[in-house]
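To keep things clear, I will list the structure first and then write my remarks on it.
The values are calculated or read from the model by the stated rules, or taken from the named source; none is laboratory data. This one's a predicted model, so the numbers in the text were calculated from it and none came from an experiment. So basically every Cβ, Gly included, is an ideal-geometry build from the backbone, and we count neighbours across all protein chains shown. Accessible surface is based on the protein model in full, side chains and every heavy atom, while ligands, DNA and RNA are left aside. Shrake-Rupley method; radii C 1.70, N 1.55, O 1.52, S 1.80 Å.
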Amino acid sequence: MTEFETTIVNVGHDGRGVARIDGKAVFVAGALAGETVRLRMRKRHRNYDEAEVAEFITRSPERTEPRCVHVAACSGCSLQHMQPAAQIAMKQQVLADNFQRIGKVEPRQWLPPLTGEAWGYRRKGRFSVRHVAKKERVLVGFREESNPRFVADIQRCEVIHPSLGPKVGLLAELVSGMDAAHHIAQIEFAAGDADVALVFRHLSPLSERDRDALVAFGKEHGFAIYLQPSGITSVHVLWPEGHQLSFGIPGQDVDMAFAPLDFVQVNAGMNRRMIERTLELMAPEPHHRVLDLFCGLGNFTLPIARHVGEVTGVEGEHGLVERAAANAARNGIGNAHFSVANLFEDQRATAWARADYDTILLDPPRAGADKVLEYLPRTSTRRVVYVSCHPGSLARDAGILVNQHGFRLSSAGVMDMFPHTAHVESIALFER
């Protein structure tokens, strides 16, 4: 197989090194800018190629030894080979590039990055499960880095909640011994402050023996066990009866109950820091009215309610809105109100969209909030705080807020919600 010696010129937005051979971009997983490498071509495309490192000739000072022994096989973390400070610098540059290239805007002030614990931080996720006949056993893990069709053979995960991370291999052993070993499609996990719940998606009914095995595993390792025989609404607890996940938000006197498949921020420590920064940027006053769009369970809504006169949360999923209202009642919060609405459709005729707000909080999915920005914010809104999980959609929407709604981009910065990955979480403040 042909090999090439070249220098990595930079790192792309997905965390892969970028080289140029005969003028064509070559993406190289695990390579850092400035490194001289010998490459082995892996896959050719019309406009770019993909390669793997056959040999490092020189190494970047930003390189570090990955903690995970499965890093070469698993696609879960793409940046473990990069020093944490370099990871943050890369993410900040990605955000800045998107603002400049897409939104044609630049913040007046860059916020210091929010960072936290880089290991054992992930409290939510989904394992793929596959019975491999050739190996005569079950694999439980994330997709392979080199071939996403396959499941990586891993025994432990360094970024998952420490109650579960070292026990991934035990999950594979558990499923291998079940009658339904060929019919377990995935295992989702969710950690509250007290414990971890495992949700087993099974494509056929479970035998009594399998159910007993799952309960015994839960008891031995302290996991709550849930079953999912079909869609999301079919999820139910197997053991212990009446189980409830929850997490607290220290400093805000809020405790959030949630279901195992509900969306919650995967990084509990970063979520707390993110809420604190959001409140700082909002500068809430007791007389303020706030609109929280894409509010989910009320992760921001309920802490905001502790500081303002009234807050309205809007979310598209009925179940989340029901649990948000229940969480408000659970915490004795009477000034938070919730509505169900598809925020990717025009909602300007609704009562909540016609009302006046001092501040709007946006926390949309990757697609962003451009549809909302066709009719909001109204002229009464003085501040917009935007929490983003995709720098491209944030940059596009920043351009809309600045150029069409008369705001200025006062400040912005990254939040390291997903250490060791190329995912860029960020926050921005817009002011009249």
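The table for this structure:
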{"item": "The chain, relative contact order [Cα under 8 Å, separation at least 6], %", "result": "14 percent"}
{"item": "Highest-fluctuation residue, Asn331, Asn47, Asn98 considered, GNM on the chain with Cα pairs under 10 Å", "result": "Asn47"}
{"item": "Val340 versus Ser207: modelled label distance in nm, points set 7 Å from Cα along the beta carbon direction", "result": "4.1 nm"}
{"item": "Exposed-site-free run, longest, the chain (rule: GluC sites (Glu not before Pro); DSSP loop; at most 13 other C-beta within 10 Å)", "result": "1-116"}
{"item": "Ser246 paired with Asp356, simple spin-label distance in nm, labels 7 Å along Cα-to-beta-carbon", "result": "3.9 nm"}
{"item": "Probe 1.4 Å - accessible area at His183, Å² to nearest ten", "result": "80 Å²"}
{"item": "Average Cα contact separation per residue, region 1-136, under 8 Å, 6 or more apart, as relative contact order %", "result": "15 percent"}
{"item": "Cα centroid separation, region 306-380 to region 113-188 (Å)", "result": "36 Å"}
{"item": "Listed candidates (i) 22.5; (ii) 31.9; (iii) 24.0 - label of the one calculated as mean projected area of the Cα convex hull in nm²", "result": "(i)"}
{"item": "Debye, to nearest 20: dipole size of the chain, +1 on Lys, Arg Cβ, -1 on Asp, Glu Cβ", "result": "860 debye"}
{"item": "GNM top mover of Arg46, Arg277, Arg323 - the chain, alpha-carbon springs below 10 Å", "result": "Arg46"}
{"item": "CD proxy at 222 nm, helix term only [per DSSP H run n ≥ 4: -39500 (n - 2.57); per residue of the chain; nearest 500]", "result": "-6000 deg cm²/dmol"}
{"item": "The chain, accessible surface, carbon-and-sulfur percent (1.4 angstrom probe)", "result": "48 percent"}
{"item": "Sparse-neighbourhood loop sites, trypsin sites (Lys or Arg not before Pro) in region 118-225 - DSSP loop, at most 16 other Cβ within 10 angstrom", "result": "Lys134, Lys135, Arg149, Arg156"}
{"item": "Within a Gaussian network of the chain (alpha carbon springs, distance under 10 Å), most fluctuating of Arg408, Arg42, Arg396", "result": "Arg42"}
{"item": "Accessible area per residue, Å², the chain with all protein chains present, probe 1.4 Å", "result": "44 Å²"}
{"item": "Label zone at His307 (point 7 Å along Cα-to-Cβ), backbone N below 15 Å, region 363-390", "result": "383-387"}
{"item": "Members of Lys24/Lys135; Lys43/Lys104; Lys43/Lys167; Lys124/Lys219; Lys24/Lys104; Lys134/Lys219 lying beyond 30 Å, as alpha-carbon distances in this model show", "result": "Lys24/Lys135; Lys43/Lys104; Lys43/Lys167; Lys134/Lys219"}
{"item": "Percent breakdown of C-alpha pair distances by 5 Å bin, ordered from the shortest bin, for region 135-252", "result": "2, 10, 20, 24, 20, 14, 6, 3, 1, 0, 0"}
{"item": "Virtual spin-label span in nm between Ser410 and Ile232, 7 Å along Cα→Cβ", "result": "3.4 nm"}
